1. Amide H to amide H, which residues 5 or more places from B:V153 or on other chains are under 5 Å from it, using H placed in the peptide plane?
2. Under 5 Å between amide hydrogens, which residues at least 5 positions from B:F228 or on another chain qualify, with H placed 1.01 Å from N in the peptide plane?
3. Along the Cα→Cβ direction, 7 angstrom out, place labels at B:M195 and B:K252. What is the inter-label distance in nm?
4. B:G201's amide H: which non-local residues (gap 5+, or another chain) put their own amide H closer than 5 Å, with H modeled 1.01 Å from N in plane and none for Pro or chain starts?
5. How many percent of the alpha carbon pairs in segment B:562-620 exceed a separation of 18 Å?
6. Sort the following peptides by mean Cβ neighbour count (other Cβ atoms within 10 Å, averaged over residues), highest first: B:575-587, B:428-440, B:308-320, A:39-51.
7. Under a crude label model (7 Å from the Cα following the beta-carbon direction), how far is A:V41 from B:H629 in nanometres?
8. For B:A581 and B:W467, compute 0.36 nm times the residue count separating them, minus their Cα-Cα distance, and round to one decimal in nm.
Amino acid sequence: MLHTDTIAAIATYPSNSGIGIIRVSGDDAIAICESIFKSKVPLHEMSTHTISYGFIFDGEEKIDEVLVSLMRGPRSYTMEDVVEINCHGGIFILQRILSLLFRKGARPAEAGEFTKRAFLNGRIDLTQAESVMDLISSENEKSRQNSMNQLSGVLSAKLRSLRGAILHEVAYIESALDDPEHISLDGYADALSSKIDDFSNQLQRLISSADDGMLLKSGIRTVIVGKPNVGKSSLLNMLSNKERAIVTDIPGTTRDILEEKVRIGDITLHIMDTAGIRQTDDVVEQIGVRKAEDSLSEADLILYVVDSSVALDENDRRIQESLKEHYTHTIVLLNKSDLNQVVLEDDLSSYGLTVIPVSMMDGSGVEVLKNAITHMFFHGDISANDDLMITNERHKFLLEQANRSLALVKDSIDLGVSEDFFAGDLMDAYESLGSIVGEAVEDDLVNEIFSKFCMGK
Amino acid sequence: MAVVEETYDVVVVGAGHAGCEAALACARLGLETIIFTVSMDSVAMMPCNPNIGGSSKGHLVREIDALGGQMGINIDKTFLQSKMLNKSKGPAVHSLRAQADKQMYSLEMRKTMQATEHLTLRQAEVSEILVEDGQIVGAKTFSGATYHCRAVVLCTGTYLKARCLYGDVIEYTGPNGLKAANHLTDSLIANGVEMMRFKTGTPARIDRRSIDFSKMEEQFGDERIVPFSFTTDPESIQKDQVSCYLTYTNEKTHEIIRNNLDKSPIYAGIIEGTGPRYCPSIEDKVVKFPDKERHQLFIEPEGLYTNEMYISGMSSSMPENVQYDMYHTVPGLEHAKIVRNAYAIEYDCINANQLYATLEFKKIHGLFSGGQFNGSSGYEEAACQGLIAGINAAMELLGKDQIVIDRSEGYIGVLIDDLVTKENREPYRMMTSRAEYRLLLRQDNADLRLSKIGHEVGLISDERYEWVMKKEQLIAEEMERVKHINIGANARVQTFLEAHGSVPLTTGVKLSDLICRPELDYDCLAEIDPERVQLPYDVREQVNINIKYEGYIERQKKQVEHFKKIEEKKIPENINYDDVASLRIEARQKLSKLRPINIGQASRISGVSPADISVLLVYLEQAKYQSEHQA
């Protein structure tokens, strides 16, 4: 058997009904799960193919009420010890439990890895080898693309610069070791120590933003539509409880808005591509609704803003027409409800849409909106992009792994061992970060050494 | 007309550092071996720097020695100065370097070769290899003589179609004005070998009488000299050493170089070959690092019977007059007289991807190669490849298993694996950063790592191997003992600790805990360890290192376990990658071309992703079941 380490992943696509299964497989599956699962009979004493009721704990904190099934190898899908945790606390809980398992020693399963193990351990008939291979390569391609597409631009830029900085340090150490008569390491450990603190802080910040779901273009893909000057940007400001310097009326004023995130309780709205909103304006006024339809079909949630003090016109009708297919996850906001009402709720609800009167001026109706979104989310009317969570967990795992490697470098510095001991752990951190941005290591180090340091006879 | 026709087991082409090791290995294993050189006066010649070893190269020499090679013994007999580099760093990066007396090094090696049974030295240029049905059957010299054989080891160094350049001068010779080998390349190409072209360079040699050493810093050797070879008695090599000198280039030097760049054949585009980034010419350094105000130069003796001094750090291919101008700007070299010009050299070599990790050609049975011909750089890199190629040629003829040293067993393994697996775009130099398990691959434990292989092959005597096993046992026993010895917080211990600047004990500890303290070591603790038995130095050294760095070493051992698992998954030689439909196209092409021998090697090929490896594993499993079924 090639792999004996323990892998974990969400086995069902997490649905908003709140139920999902996490599968754990490998030599330590039982021990790892037992460390977070409290039940009458400890997991390791359970007989195979039984289900136990209990709770998942993160330290002292009770996270979820779960059913755990145990299948001891070889009588399991992978022929290894397998534990499946049936959670029902919703997708955020699922995500949190997965992350807890990683902290306890499991690692994220690779593309098609459960099936691969099942095959390599002899569980799957060899006639199915072709399909196993296809599965691995197609899942890999999918996850690679997901990872790339969903990584936010800010994050990947940050990771690249952090990686570059770490590589530079390794290259410095290595060139001094290779050519001690040219390059000296006197006083280097102290300098490195404070740099590591800085790297580690940066990583820590990224890890906590992973907790907030902010690493990725994750959350509920939300599009705000409406004619110009109906209050779309004010809506954004109000939802995020902060006054933004930039309002979206002037084209190209900002790129940040592309990545806008808004938290409502446990839910993250990812306001997608505000440029799209701007384009929606253009489209409505000049080109038509074609492009708007595209952006609408990608959205998990559509917020349609109407100025209730101005009569509906042809543009509104065209927008409404395109919203017809998406009415289950569309909310109409009747803005300027504090002014003279020309448009009434009934004018719009006839399309089957949820309508909420709001006022961006005095903030009325916003709580109603937030509740409506939460309600729709937990009733499955709107869903977050499932793959995103998985990607996010994998990224977080790798960030934490990188941070642990940096901590080991710190330990070595504190122990007073020589600089050559730092390089391995620094390189590990570099590689972990590289797995997030999908960059292979290859000859990076040697290239860095030669391009940055003048050495050699 | 009758021509000479002779029969040997093995033909070795080239008597440089690779060729000598290859030939000695074959002859010592009882095979009738003939080695060809373009000049009997250039056996084991050092055409560039006058030293052996250095960072990570010192490791290679130790490993060569542990496998039964000659380089370590030869330099121990002929060095002028010796230094252990990186002594203030961790034990993994300590590295021995010796200044060699070039002439003596060459003579001593020739003497050893000529005294070796079954070994014939012959001055002649090999111009053809003879291949029948994909099997080597012999070699032919330019004079027309035929040498029948069952294996050929190519160690042609920098001689194939070589040309030396400086300024607009081009000389069609090998290094040092020696005859180039202009014919073999065509025969290799005709037999399907793909050739490429690399370059390297060397600085001028300057008459020591024209140097003002008072303007330079004298560089001494170590007080206590450590031998390279595990067979050399350290006492036998303590001697007076010859100094090197340190000086620097300056702005004036750089200005001359910048003003004359158009006259350098590299910058003028005359040189096509790719040069090593590790040994940049002074032109390269000035261009690539314009902010550096000065570059270090070491002035090193070339031998006791010559006035020549090697100007390390200033290799060049500038025209003769510019060379004078630039050397004259250096403090101490104002009146320097050049004995030999600096020059760049271009030569034919191969992409080593055409070889198995055994250094045998994938397409030609019985044809092996080593050294600069394989795209490496450096004497030590060459020697270790020559040794492995020689051993494997011998193993093949003796019907025994060929050897592959893997990346967790030695720097030699790292070097060869890199050469045969990775894209190599410049003469490859060993570096410690290339060895991922370097904490385990120390120069101090090369004998413990590799003597077993050397013994199995037949190059390490029973007697020598028994000592290694004995040593292993002594180390294990002593490590066990220090982990169990209790040291109490008594007055004698506290006084001892205080005297060594170490924090006093609050409770009793194990002796091993004290060894781990940075300010203490195994040896100094003898004072408070009365039960200690006197052990040889190399045993004590191992105990100290293994205890002190145990945490790091154990972590690396775990990584090696994982590595070994993947390395043990063999890929059948006859695999057809086109049958593995799910592989991405790039991966399929690379795998088909490189034909890795195991999954580990496959995973190191650039362009092969982890998912491709998973696919491959599934395929191999399927193939295994199928073949078992049929059988």
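1. B:V11, B:V12, B:V13, B:F368
2. So B:F228 has HN proximity to B:D76.
3. 4.5
4. It is B:I345, by chain and number.
5. 19
6. By packing density, highest mean first, the sequence is B:308-320, B:428-440, B:575-587, A:39-51.
7. The two pseudo-label positions are separated by 4.0 nm.
8. 35.7 nm
Rule-based calculations on the coordinates, nothing more; no lab input. On a predicted model such as this, the values are computed, not experimentally measured, just so you know. Using ideal geometry, Cβ is built from the backbone for each residue, glycine included, and neighbour counts are taken over all protein chains shown.
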